[in-house]
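Presented below is the structure to which this report refers.
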Amino acid sequence: MAKMGLDRHTLLVAAAELADESGLDSLTLAALAQKLKVRSPSLYNHVNGLPDLRAALTVYCIRLLVETTRDAVIGKTGDEAVQNLCKAYLGFARSRPGLYEAFYKVNTQQHEELESVKQELLNLFLRIMEPYGLGEKETLHAIRGLRSLLHGFASLEQHGGFQMDLRVDESVAYVLQAFLRGLHAERGRS
């Protein structure tokens, strides 16, 4: 029987908190049960084991990332939208490090909602790229490049990869400006 007040959403929030505190790899059903003050078997009323929990956590992460980045770009277009999206994306990765790990470590798990939320994220990127007037294929290449730029900075920062006496945000701004100049150059060639 499910504990009163315990539902899948509550379970995911607690799992995300554990992942943020100790990293995704330390998330176990036993640790989650302890945090929720239930016995481990009770969790099976809401998830089908650790792989299902991690896949659901990926969906939860992408949903929050979509909300965060969408809110950052409302009313913005062009370079301002891209810059705001990047700032929100990196802010999310910094504030939710364990949850962000679920975005790229568990992304291949099968989950009924995963394709839908991945499409929402892609649609957001597609909308902010519209003003650049690139072709369909070129837009997708640009989105891959932008996501790689963001994930590279997020991942390297998360793992202590920036040891120089140079602010990471300055590097992000510099690389992003170069990326945007490239988009404008491509638009001029069309």
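Taking the chain as the region of interest, the number of lysine pairs whose Cα atoms are within less than 27 Å, with members eight or more places apart or on different chains, is 12. Considering the range 38-87, its Cα convex hull presents a mean projected area of 4.7 nm². Kirkwood radius for the range 1-93, taken over all pairs of different Cα atoms as the inverse mean of 1/r, rounds to 14.6 Å. Calculated from the alpha-carbon coordinates, the chain shows an Rg and a Dmax of 18.7, 64 Å respectively. Remark on the range 132-178: hydrodynamic radius 11.9 angstrom, per the Kirkwood mean of 1/r across alpha carbon pairs. Here the sum of -39500 (n - 2.57) over DSSP H runs of 4 or more residues, divided by the residues of the chain, equals -24000 deg cm²/dmol at 222 nm, to the nearest 500.
Place a point 7 Å from the Cα of Glu120 along the Cα-to-Cβ direction; which residues of the range 56-80 have their backbone N under 16 Å from it? In the range 56-80, the label zone of Glu120 (backbone N under 16 Å from the point 7 Å along Cα→Cβ) covers 56-74. Applying 0.36 nm per residue to the separation of Asp169 and His151 and subtracting their alpha-carbon distance, the gain on full extension is 5.1 nm.
Computed with a 1.4 Å probe over protein heavy atoms only, the accessible surface of the chain comes to 55 Å² per residue.
Here the range 42-120 has an Rg and Dmax of 14.2, 49 Å, counting Cα atoms alone. A DSSP coil position with no more than 12 other Cβ atoms inside 10 Å describes the following GluC sites (Glu not before Pro) in the range 111-190: Glu112.
As a fraction of the 1.4 Å probe accessible area of the chain, surface on carbon and sulfur atoms comes out at 52 percent.
Candidate membrane-span-like segments in the chain, meaning DSSP H helices with Cα atoms spread over at least 24 Å of their own axis and a Kyte-Doolittle mean of -0.5 or above, are 50-73, 78-95, 136-158, 168-189, with no membrane implied.
The values are calculated or read from the model by the stated rules, or taken from the named source; none is laboratory data. As the structure is a prediction and not an experimental result, all values here were calculated from the model. Virtual Cβ from ideal backbone geometry, glycine too; neighbours counted across all protein chains shown. Just so you know, the surface numbers come from the protein's heavy atoms only, side chains and all, with ligands and any DNA or RNA stripped out. Shrake-Rupley method; radii C 1.70, N 1.55, O 1.52, S 1.80 Å.
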